[in-house]
Amino acid sequence: MSWLTLAALAVGSANAATLPLSQSCNLVVGSYVGAHATRDLVKVLTHAPVHDEFLSTEQHAKQIDAFIATLPQGAKDGQLCVSPKDGDAAFGYDADAQMMWANVEAASGTRMFRTSAGRITVRDVVSDEWDTVIADRVMTNALGASVDGLNSTGKAASVGFTTAQMDAFHRELPYHRFKSAFASRSMSVPMDPSAGRELKPHATLVFQYRLRSPLLAQGLDVQAATMESPVSLAVEKSVVLADLIAVGIVDGRTGKVLAVKRPTETP
C-alpha cells in the first residue's frame, strides 16, 4: 500500500488507517504510519504452539520462536502498531501553552480475566469490538425490590502490555489535567491554535509493540450486576500479549507521526 493510498483512507477519520499485517509500522517523527487490525492478528496467533504439561519451558520457547519466524517481517521485528478504538477522545488543547496534549494513561486499562492458561492481568489497548448485544433486564432482590438494568455481551480484541511496564512508562510522562477531575499521564506536541483546531478531531494515539510469549490469551471478561450498579457485562476477550516499543501522536487524516515517546527501558 502506498502512503498516498494510506493518506486517502485516513481522511476524515480520527483513527489510524488500517495496515495489512504484511506492512511494518515504525513510529518515527515525520514518517507515515497506520495501525494493524488486532482482530486479524488474533486469527493468525490462534495457531501458535500451546504450552501443555508435556512440553518443557525451553521446548515451548523454541516452538514459539519457530512460529514467530513464519510471521510477516513486522511481527518479527517489533513493528506492529495498534490504535485505541476511541483514540480521538484522548486529546485536549492548551491555548495558553499552545500545546496539543494526548491522554496516554486513559488510552489503556488494567483488566483481569480468566483464560485457558489461568488468570492474567494486563494493561490493554482495546482496538476492536464486535457482535455487541445490549438488552434490558430487571433485577429483583430477596426483599422484592426491583431495578431496571442492562445486560451486555460481545467480543473484543486488544493488545495487552504488562502492568509493570506500563506503570514505569507512565511515570516517565508529565501530568496534564484534561476536562476530567484528575490529571493524567500524557504526552504533547507544540502547535498553534489554528492547527490545533483542525487536528484535534482527527488526532489519534498509536502504540508500537513487539509480541511476547505466549503471544495470545483468550477468555471471558465478566462484570456482575448489582442493585447499586445494575449493568452486567460478558465480553469474549482476545488479547495479543506484547511489549511496548513506543507511543506516537498521529494525524489520522494523513498518518503523519507528530510526536513519539519511547520507554527508557524495553524488555
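Below are the figures for this structure:
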{"read-out": "Failed item, numbered, when VAL50 is tested on (1) open to solvent by less than 30 Å² (accessible area, probe 1.4 Å); (2) out of contact with any helix residue (DSSP H, G or I) (no Cβ under 6 Å at 6 or more places or on another chain)", "value": "(1)"}
{"read-out": "Residue within the range 217-233 that is in contact with a Lys or Arg (Cβ under 7 Å, 6 or more places away or on another chain), touching a residue at least 12 places away in the same chain (Cβ under 8 Å) and either closer than 14 Å to PHE91 by Cβ or among the aromatic types (Phe, Trp, Tyr) (or both) present", "value": "no"}
{"read-out": "GLU265 over 30 Å from GLU58 (Cα atoms) and not hydrophobic (A, V, I, L, M, F, W, C)", "value": "no"}
{"read-out": "Considering residues of the range 143-156 that are assigned to a strand (DSSP E or B) and within 14 Å of THR226 (Cβ to Cβ) only, the residue farthest from the chain's Cα centre (by Cα)", "value": "SER146"}
{"read-out": "Subset of the range 141-163 (residues that are without any contact (Cβ under 8 Å) to a residue 24 or more places away in the chain and open to solvent by 70 Å² or more (accessible area, probe 1.4 Å))", "value": "ALA142, LEU143, SER146"}
{"read-out": "Residue count, the range 130-163 (criterion: touching a Lys or Arg at 6+ places or on another chain (Cβ under 9 Å) and farther than 30 Å from SER83 by Cα)", "value": "2"}
{"read-out": "Which listed residue is among the acidic types (Asp, Glu), out of contact with any strand residue (DSSP E or B) (no Cβ under 7 Å at 6 or more places or on another chain) and in contact (Cβ under 8 Å) with a residue 40 or more places away in the chain, from ASP65, ASP77", "value": "ASP77"}
{"read-out": "Qualifying position, being within 29 Å of GLY252 (Cβ to Cβ), in contact (Cβ under 8 Å) with a residue 24 or more places away in the chain and in contact with a Phe, Trp or Tyr (Cβ under 7 Å, 6 or more places away or on another chain), among VAL82, VAL104", "value": "VAL82"}
{"read-out": "Filter pass, SER213 being at pLDDT below 90 and either open to solvent by 40 Å² or more (accessible area, probe 1.4 Å) or at positive phi (or both)", "value": "no"}
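Per-residue answers, yes or no, for (1) modelled with pLDDT under 95; (2) among the β-branched types (Val, Ile, Thr); (3) under 18 Å from GLY109 (Cα atoms); (4) surrounded by fewer than 18 Cβ atoms within 10 Å (Cβ to Cβ):
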site	(1), (2), (3), (4)
MET187	no, no, yes, no
ALA203	no, no, no, no
VAL206	no, yes, yes, no
ALA225	yes, no, no, yes
ASP243	no, no, yes, yes
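The values are calculated or read from the model by the stated rules, or taken from the named source; none is laboratory data. Please read these numbers as outputs of a predicted model, since none were measured by experiment. Cβ: placed from backbone, ideal geometry, glycine included. Neighbour counts: every protein chain shown. Please note that ligands, DNA and RNA were not included when accessible areas were found on the heavy atoms of the full protein model with its side chains. Shrake-Rupley method; radii C 1.70, N 1.55, O 1.52, S 1.80 Å.
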